[in-house]
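> Before I ask anything, let me first share the structure, which is written out below as structure tokens.
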Amino acid sequence: MRFDVLTLFPDMVRGPLEHSILGRALAAGRLEVGVHDIRAHGIGRHRVVDDTPYGGGSGMVMRVDVLDAAIAAVRRPDSRVVLMDPAGARFDQAAARRLAAVPHLVLVCGHYEGVDGRVREHLVDEALSIGDYVLTGGELAALVVLDAVARLVPGVLGNPDSLAEESFSGDDPRLLEAPCYTRPATWRGWSVPEVLLSGHHARIAAWRRERALALTRRVRPDRLAGPPAPAEE
Ligand SMILES: C[S@@+](CC[C@H](N)C(=O)[O-])C[C@H]1O[C@@H](n2cnc3c(N)ncnc32)[C@H](O)[C@@H]1O
């Protein structure tokens, strides 16, 4: 899978890609990421990328002609072009799964007051928000999307089994994952639940499911509001 990120601050995006799982996947060629400076498509000698908003108001707006050129330079017939936008659909694990099946994902980062409305209306395939808050720019949002999508690409995670067992995944994606523990079995009097030391796989699986349900009911009751998964039925 290939990602291309369009940004005014390429170094903000490149740094986090050098580390850990994504860094290894990139080095091994399991993913490709291009990071492109939108300013390369800026207007005139000063490579201008923004202008004042029509109708007045504060801040500067990123120009549609500049973004049109930046997107055209990377778009392929099989691309999905996504604008990072607080007014976009909420990004979640289901969206990550959907985007992980796309061969080429282009992430467009806004900045300043945002981007000209025609970018969303005519130039991108969808807009995504990572939550109900406003960031200074789309770079951190694009990295969140890139990270969540990339780890679902086959070969990126060392242990793909973990994908089926984690929050928002597996046979009941409504659930958060049950808490996990490791050595020491007791620390400052805090003991690991006995069942996890029993070696009894069926009892451990039942305990994990029960704890996942209880945790979800306590911290995210909204996730259980829909119809139950077949396993729970
Ligand atoms: C300062 S924000 C613009 C906010 C815009 N004026 C508004 O009120 O909705 C600049 C850029 O950051 C990115 N951004 C900010 N918050 C975001 C969020 N929650 N999700 C995705 N992108 C976000 C977008 O690319 C946006 O164009």
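The values are calculated or read from the model by the stated rules, or taken from the named source; none is laboratory data. Keep in mind the model is a prediction, meaning the values are calculated, not measured. Note that each Cβ is placed from the backbone with ideal geometry, even for glycine, and that neighbours are counted across all protein chains shown. We work out accessible area using only protein heavy atoms, side chains counted, and drop any ligands, DNA or RNA first. Shrake-Rupley method; radii C 1.70, N 1.55, O 1.52, S 1.80 Å.
> Name the residue, out of PRO184, PRO193, PRO53, whose mean-square fluctuation peaks in a Gaussian network model built on the chain with Cα pairs under 10 Å.
Maximum among the listed residues: PRO184.
> Relative to the longest principal Cα axis of the chain, at what angle does helix 139-150 sit, 0 to 90 degrees, rounded to 10?
Tilt relative to the chain: about 50 degrees.
> What ratio of Cα Rg to 2.2 N^0.38 Å holds for region 67-147?
Here the Cα radius of gyration is 1.02 times the empirical estimate.
> When the Cα centres of region 80-109 and region 123-164 are compared, how far apart do they sit, in Å?
Centre-to-centre distance over Cα atoms comes out at 7 Å.
> Would you tally the net charge around GLU32, using a Cβ to Cβ cut-off of less than 11 Å, leaving GLU32 out, and scoring K and R as +1, D and E as -1?
+1
> Here's a follow-up. Quick one: compute the contact order of the chain, relative version, from alpha carbon pairs under 8 angstrom and 6+ residues apart, as a percent.
Taking the mean separation of contacting Cα pairs over the length of the chain, I get 19 percent.
> Do you know the relative contact order of region 161-224, to the nearest whole percent, from alpha carbon pairs under 8 angstrom that are 6+ apart?
32 percent
> Ignoring ligands, DNA and RNA, what percent of the 1.4 Å accessible area of the chain is carbon and sulfur?
54 percent
> What accessible area per residue, rounded to a whole number of Å², is obtained for region 161-224 using a probe radius of 1.4 Å?
On a per-residue basis, 72 Å².
> Given a Förster distance of 30 angstrom, what is the FRET efficiency for LEU157 paired with ALA185, based on the Cβ-Cβ distance and rounded to 0.05?
With R0 = 30 Å, the Cβ-Cβ based efficiency is 0.65.
> Can you tell me the FRET efficiency between SER20 and ALA164 if r is taken as the Cβ-Cβ distance and R0 is 22 Å, rounded to the nearest 0.05?
After rounding to 0.05, the efficiency reads 0.55.
> Distances longer than 16 Å among the Cα atoms of region 161-224: what percent of all pairs is that?
Here the long-distance tail beyond 16 Å is 52 percent of all Cα pairs in region 161-224.
> ALA101 to ALA72: FRET efficiency via 1/(1 + (r/R0)^6), r the Cβ-Cβ distance, R0 22 Å, to the nearest 0.05?
Using R0 = 22 Å, I get an efficiency of 0.35.
> Got a sec? Which residues in region 13-46 would a label at THR136 touch, if it sits 7 Å along Cα→Cβ and we count backbone N under 14 Å?
So the set is 13.
> Calculate the spin-label point distance for SER58 paired with ASP92, positioning each point 7 Å from the Cα along the beta-carbon direction, and give it in nanometres.
Taking the two extended label points, one gets 3.3 nm.
> Another one. Give me the accessible area per residue for region 68-139, probe 1.4 Å, as a whole number in Å².
That works out to 47 Å² for each residue.
> In addition: With N denoting the number of residues in the chain, provide Rg(C-alpha) divided by 2.2 N^0.38 Å, to two decimal places.
For the chain, the normalised Cα radius of gyration comes out at 1.24.
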